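Shown next, in structure tokens, is the structure this report addresses.
What follows is calculated from the coordinates using simple rules that are stated; it is not laboratory data. This one's a predicted model, so the numbers in the text were calculated from it and none came from an experiment. Quick reminder, even Gly has a Cβ in these numbers, built from the backbone with ideal geometry, and neighbours come from all protein chains shown.
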Number of protein chains: 2
Amino acid sequence: MKQVRSSEWTGAFKQHRLRLTKPRQLIVDVLGATSDHLSAEEVYLRVHPKYARIGLTTVYRTLDVLVRMGIVSRLDFGDARSRYELVERSGKPSHHHHLVCSSCKRVVEYDDFMDEEVKLIKKLEKALSRKHGFGITGHVVQFLGLCPACKTLARA
Amino acid sequence: MKQVRSSEWTGAFKQHRLRLTKPRQLIVDVLGATSDHLSAEEVYLRVHPKYARIGLTTVYRTLDVLVRMGIVSRLDFGDARSRYELVERSGKPSHHHHLVCSSCKRVVEYDDFMDEEVKLIKKLEKALSRKHGFGITGHVVQFLGLCPACKTLARA
DNA sequence: ATGTTATTGATAATGGATATCAATAACATC
DNA sequence: GATGTTATTGATATCCATTATCAATAACAT
Ligand SMILES: [Mn+2]
Ligand SMILES: [Mn+2]
Ligand SMILES: [Zn+2]
Ligand SMILES: [Zn+2]
């Protein structure tokens, strides 16, 4: 198969001694083209029209690879499947957290007060790693509630 | 079967028009007797010696009921199964967050700086509900990292 | 004590994710 | 550009947490 000539990601894959294959390129492309938080199956469905022989197994494996490379974040919004987003995507607040509707699972990204949040998070990381000896590598901050639509439905 | 005469929970079940059954009482007891964050199967294993005919299905259903009643919190530490804790348990910081080892899934509860955290959370809840029209009902705050033991293993 | 009905638990089924393994494609080397 | 090595793929089977079904049972209002 014709190899991917070169892309934004060639270097990152080289560094990790991984091959930049057609499926991997297409999967990153799909994540780069949306602001949604896609499940593995949704990624599969969006790659399929462009590359019909893609396998769902490959999507799962590739998303794992991308998470380990630090290119993709794995998210959990409580709907029994992992969801994925590019760590850095143009047009998205670089560091953001999520507001999740516990009924319909709609997700809103926010970065209001992110400076204050990050400042407190940094302080907590320092205190917790000293107190408990953890090497802290990340955090999850999300708010749960009812989106406007689900709030209206609940009223009826 | 002999009914549960009366317990700390009689009132709560009455209010919700639910029956306080033997399995339900035993499951709450198990959660009240530990500081661990138990999975459904772990709850089942701890009830079984006291009540051998308990069914795993009942444990799942009961945990759901308790979560809906607001007596129990459902937690997700990324190990592919839900975990549960009493919302209020003596000897536990009333409001706390979690520090999770991403390798062995060990969990540490913390409440350092909880006042500051809660203050910022309150502010964010207000701002987000105004901006996005969500009715916010809860939040998830957790730190991820490597516990001392897993840090040592990684060095080797 | 009795009747109604919520609850239980054995069983089967669902669905997201992973293990297996022969076929294939990426790419380092020449 | 051709070649050989080997990482990667994808069809398939399987795992495992959780849920659906439904007849039997137990809680509790009366
Ligand atoms: Mn996001
Ligand atoms: Mn806890
Ligand atoms: Zn909603
Ligand atoms: Zn650990």
| remark: Other residues with Cβ under 14 Å from the Cβ of residue A:126 give, with Lys and Arg +1 and Asp and Glu -1, a net charge of +2
| query | Roughly what percent of Cα-Cα pairs across the range A:95-156 reach past 20 Å? | reply | 45 percent
| Rounded to the nearest 500 deg cm²/dmol, what is the calculated helix-only ellipticity per residue at 222 nm for chain B, with -39500 (n - 2.57) per DSSP H run of length n ≥ 4? | -13000 deg cm²/dmol
| task | Convert 25 °C to kelvin, take the viscosity as 0.890 mPa s, use the Kirkwood radius over C-alpha pairs of the range B:12-59 as Rh, and evaluate the Stokes-Einstein diffusion coefficient in µm²/s, rounded to a whole number. | result | 218 µm²/s
| J(HN,Hα) series, the range B:75-87, from Karplus relation 6.51 cos²θ - 1.76 cosθ + 1.60, nearest Hz, glycine and proline x | 10, 10, 10, x, 10, 6, 8, 6, 10, 10, 8, 4, 5
| query | With a Cα-only, solvent-free Debye model of the range B:2-156, what are the log10 I(q)/I(0) values at q = 0.09, 0.13, 0.14, 0.15 Å⁻¹? | reply | -0.38, -0.75, -0.85, -0.94
| note | Placing one equal point scatterer on each C-alpha of the protein assembly as shown and summing with Debye, one gets log10 I(q)/I(0) at q = 0.12, 0.13 Å⁻¹ equal to -0.99, -1.13
| field | GNM flexibility winner over chain A from A:57, A:34, A:137 (Cα, springs under 10 Å) | value | A:137
| query | With r defined as the distance between the Cβ atoms of residue B:64 and residue A:111 and R0 fixed at 25 Å, what FRET efficiency is calculated, to the nearest 0.05? | reply | 0.15
| How far apart, in nm, are the 7 Å Cα→Cβ label points at residue A:81 and residue A:16? | 2.2 nm
| task | Would you mind working out the magnitude of the charge dipole of the range B:56-96 relative to its Cα centre, with +1 at each Lys and Arg C-beta and -1 at each Asp and Glu C-beta, to the nearest 20 Debye? | result | 80 debye
| said: Sort A:17-25, A:141-149 by packing, meaning the average of other beta carbons within 10 Å per residue, with the highest value first. | reply: A:141-149, A:17-25
| Which entries of A:131/B:122; A:50/B:126; A:92/B:92; A:151/B:105 show an alpha-carbon separation above 32 angstrom in the structure shown? | A:50/B:126; A:92/B:92; A:151/B:105
| chain B: antiparallel DSSP beta bridges as a percent of all, rounded to 5 | 70 percent
| the range B:1-94 - Kirkwood radius from inverse mean 1/r over Cα pairs (Å) | 13.6 Å
| note | chain B, Gaussian network, Cα under 10 Å: of B:43, B:67, B:140, the residue fluctuating most is B:140
| field | Distance histogram in 10 Å bins (all Cα pairs of the range A:51-131, percent per bin) | value | 14, 32, 39, 12, 3, 0
